[in-house]
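This report refers to the structure that appears directly beneath it.
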Amino acid sequence: MLNPSSVEFLVLEALANIRRNRLMALAAVLTAGVSLAISAGFALTAIAVHRACEKLPQEFDMAVYVRRGTPPEQVSKLKQTLAALPGVASVTFISKERGWQEFKRSLGQDISMDDVLYNPALDSFKIRMSDPRMGRDLQNRIRNLPEVDDILWRQNEVRFFTGLARVVGIAGAVATVVLFLGSAFIIGNTIRLGIYARRREVSIMRLVGARPSFIRFPFLLEGMLLAGAGAVLALLLIRLAGAYLEALTGDLQSITRFLDSGVAPWQLAALLMAAGLGLGALSSYLSIRRYLKEGSLEAAAQ
Amino acid sequence: MIEFRGVSLIYPNGVLALRGINLRVEKGEFVFIVGPTGTGKSSLLKLIYREEVPTEGTVLVDGQDVGAIPEGEVWRLRRKVGVVFQDFRLLPDRTVWENIAFALRVTGASARQIRRRVPEFLELVGLTHRCDSFPSQLSGGEQQRTAIARALVTDPPILLADEPTGNLDPDTSWEIMQLLERINLRGSTVLMSTHDSEMVNRMRRRVVALDLNGIARDEQRAYYHAESVQR
């Protein structure tokens with residue numbers, strides 16, 4: 001439908017728009033860049049914290065103590081039973097001798113247990129869970145096994161962190177959406193100013209019978225170019241912030257590794273670019289649509 | 001070509017612009033719309049190119065009910081109707097050539113069509129030698145010629161001129177008048193609203209006179225004032 005000279009005209013119009021409103025365009029790129037960076041940065045942090053909160057309870061192992069006097073064959077059978085339960089990632093056997101040694105070592109040198117002549121420890125299993133949220137069910141099942149004496153598990157801490165993960169996830173999603181809408185509003189306003197600056201052209205286009213899609217196109221392109229440039233800027237800002245954080249934490253690899261969002265750089269770039277282009281197209285579409293509905297042909301007279 | 005059937009127009013602010021208009025304009029006609037300020041000359045033209053929608057009655061252009069055209073389809077009507085205004089409405093940062101080419105570009109013409117048609121219409125309005133000038137470098141008459149070329153370059157069968165000579169001196173007005181007549185002779189239907197009694201009297205064309213009650217007079221080969229006939 002569009003011939004090459006029309007495409008050329010539309011692209012040149014969009015570029016001319018940007019050139020004519022250089023300052024406004026710059027302001028739009030900066031605001032889009034900063035708000036995209038903030039919203040993406042917030043999203044990344046929220047994802048990282050969310051992941052951390054989900055990961056943390058996995059570090060809390062469940063300790064299962066075996067009833068005293070259980071024969072060794074039954075102990076090894078118990079190990080198989082435990083390993084087969086849902087939500088169990090791995091099971092490690094800790095003999096009562098090793099348990100006793102570890103206990104004594106944990107007390108340090110101040111308190112000596114050398115006078116205690118018999119070993120009060122029990123054989124035990126250390127259970128690592130694949131999903132800490134299933135911990136309660138698991139605990140109940142294990143408790144009913146006849147060979148089990150007691151279970152030790154930090155249930156409250158787990159509940160706290162899984163709850164925190166949910167809150168951070170929801171808050172992060174909401175904040176990201178709000179910031180995104182804020183950028184959409186700012187870009188939409190820039191486009192609206194651009195439309196206002198070109199109201200003569202627009203009203204003459206309408207007067208001589210240009211299709212609405214044809215009138216819209218340069219503004220859509222302009223919005224996408226501005227927001228796309230904003231996305232590139234946002235990416236730079238995030239990389240800078242990332243590099244700064246890395247320098248700040250230095251060898252505290254435990255922190256950086258722990259607070260990993262798991263989003264690859266290329267994914268972040270693609271997401272930001274998609275968000276930017278979508279943002280630009282959406283906000284300019286809404287602005288121009290409203291103007292084309294309300295705008296009068298009289299604008300050319302001003 | 002154009003037909004008004006019992007058309008009234010009341011603006012949202014309550015102003016009654018037109019009342020009970022019945023009018024029929026055939027293909028190839030030249031019609032003056034005259035009348036005192038506020039009797040709805042401009043409003044009548046606006047109803048034809050769908051800048052306004054009648055409050056009552058129907059306006060037909062080429063057999064189509066203009067008021068019933070959906071918003072997204074109005075552009076098809078606008079391609080049938082060229083419009084020029086008293087204040088020219090040229091784009092100040094584009095040359096004469098670009099102003100005329102603009103109408104072609106935004107209606108999707110090819111580069112070849114533009115190269116062919118723009119010089120043709122520059123010649124029609126006698127501005128070939130000024131094609132690289134900007135509107136600010138032109139006289140009022142030259143600006144109006146540019147506007148006329150822009151309105152016609154897309155080949156609309158109808159030309160509406162809303163007081164096209166209102167800002168021009170008598171000699172220049174007469175030149176524009178002659179240009180519009182030549183355009184009419186090429187086959188365009190021309191409707192022109194005006195206050196210029198001398199020009200209307202000189203032309204002796206169909207005159208539709210409006211007053212606050214609607215159409216006061218509709219006569220062929222007429223004068224600006226009814227009483228002029230007796231003179």
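The values are calculated or read from the model by the stated rules, or taken from the named source; none is laboratory data. Owing to the predicted nature of the structure, the values given are computational and were not obtained by experimental measurement. Here Cβ is always computed from backbone atoms with ideal geometry, including for glycine, and neighbour counts include all displayed protein chains.
In the range B:78-87, the residue that is nearest to the other protein chains (Cβ to nearest Cβ) out of those that are of a type in the set (A, V, I, L, M, F, W, C) and under 11 Å from B:Y49 (Cα atoms) is B:V83. Residues that are over 21 Å from A:R206 (Cα atoms), modelled with pLDDT of 65 or more and surrounded by fewer than 11 Cβ atoms within 10 Å (Cβ to Cβ) within the range A:247-296 comprise A:A247, A:L248, A:G250, A:G262, A:A264, A:W266, listed in sequence order.
Looking at (1) among the aliphatic types (A, V, I, L, M); (2) more than 14 Å from chain B (Cβ to nearest Cβ); (3) farther than 21 Å from A:R199 by Cα, which is the one condition that is false for A:L15? Going through (1) among the aliphatic types (A, V, I, L, M); (2) more than 14 Å from chain B (Cβ to nearest Cβ); (3) farther than 21 Å from A:R199 by Cα one by one, A:L15 breaks only (3).
With respect to (1) away from every other protein chain (no Cβ under 14 Å); (2) in contact (Cβ under 8 Å) with a residue 12 or more places away in the chain, the lone exception for A:R166 is condition (2).
Taken over the range B:70-86, the criterion of being surrounded by fewer than 17 Cβ atoms within 10 Å (Cβ to Cβ) and either touching a Leu at 6+ places or on another chain (Cβ under 7 Å) or acidic (D, E) (or both) is satisfied by B:E71, B:E73. Cβ contacts < 7 Å: first residue more than 7 Å from chain B (Cβ to nearest Cβ) and touching a residue at least 12 places away in the same chain (Cβ under 8 Å), restricted to the range A:191-213; second residue part of a helix (DSSP H, G or I) and of a type in the set (S, T, N, Q), any location; separation 6+ or different chain. Result? From residues that are more than 7 Å from chain B (Cβ to nearest Cβ) and touching a residue at least 12 places away in the same chain (Cβ under 8 Å), the pairs are A:I191/A:S283; A:I191/A:S284; A:I191/A:S287; A:R192/A:S287; A:G194/A:N17; A:I195/A:S287; A:R198/A:N17. For B:R50, the stated conditions do not hold, so it cannot be described as crowded, with 17+ Cβ neighbours inside 10 Å and more than 14 Å from chain A (Cβ to nearest Cβ). Of the residues making up the range A:58-98, those that are part of a helix (DSSP H, G or I), out of contact with any strand residue (DSSP E or B) (no Cβ under 8 Å at 6 or more places or on another chain) and touching a residue at least 60 places away in the same chain (Cβ under 8 Å) number 2.
For residues in the range A:9-57 being of a type in the set (K, R) and within 30 Å of B:A103 (Cβ to Cβ), which is surrounded by the most Cβ atoms within 10 Å (Cβ to Cβ)? If we take residues in the range A:9-57 being of a type in the set (K, R) and within 30 Å of B:A103 (Cβ to Cβ), then A:R20 is surrounded by the most Cβ atoms within 10 Å (Cβ to Cβ). Could you tell me whether any residue of the range A:221-240 is over 23 Å from B:I148 (Cβ atoms), within 10 Å of chain B (Cβ to nearest Cβ) and either in a helix (DSSP H, G or I) or at pLDDT below 90 (or both)? No, the range A:221-240 has no match at all. If the condition is being more than 22 Å from B:G28 (Cα to Cα) and touching a strand residue (DSSP E or B) at 6+ places or on another chain (Cβ under 8 Å), then the range B:44-67 contributes B:E52, B:P54, B:T55, B:E56, B:G57, B:G67.
For the range B:7-31, the tally of residues that are loosely packed, with under 13 Cβ neighbours inside 10 Å and under 30 Å from B:G187 (Cα atoms) stands at 3.
Within the range B:102-143, the residues that satisfy the criterion of being assigned to a helix (DSSP H, G or I), within 13 Å of chain A (Cβ to nearest Cβ), farther than 21 Å from B:R186 by Cα and without any contact (Cβ under 8 Å) to a residue 24 or more places away in the chain are B:R105, B:V106, B:A111, B:R112, B:R115. Which fully enclosed strands (runs of 3 or more DSSP E) of the range B:173-231 have 2 or more residues being out of contact with any helix residue (DSSP H, G or I) (no Cβ under 7 Å at 6 or more places or on another chain) and at pLDDT 90 or above? Fully inside the range B:173-231 and qualifying: B:206-211, B:214-219. Only one of the numbered conditions (1) closer than 21 Å to B:F4 by Cβ; (2) within 9 Å of another protein chain (Cβ to nearest Cβ); (3) of a type in the set (F, W, Y) is not met by B:W75, and that is (1).
Of all residues in the range B:163-180, exactly one satisfies the criterion of being touching a residue at least 40 places away in the same chain (Cβ under 8 Å) and among the charged types (D, E, K, R), namely B:E163.
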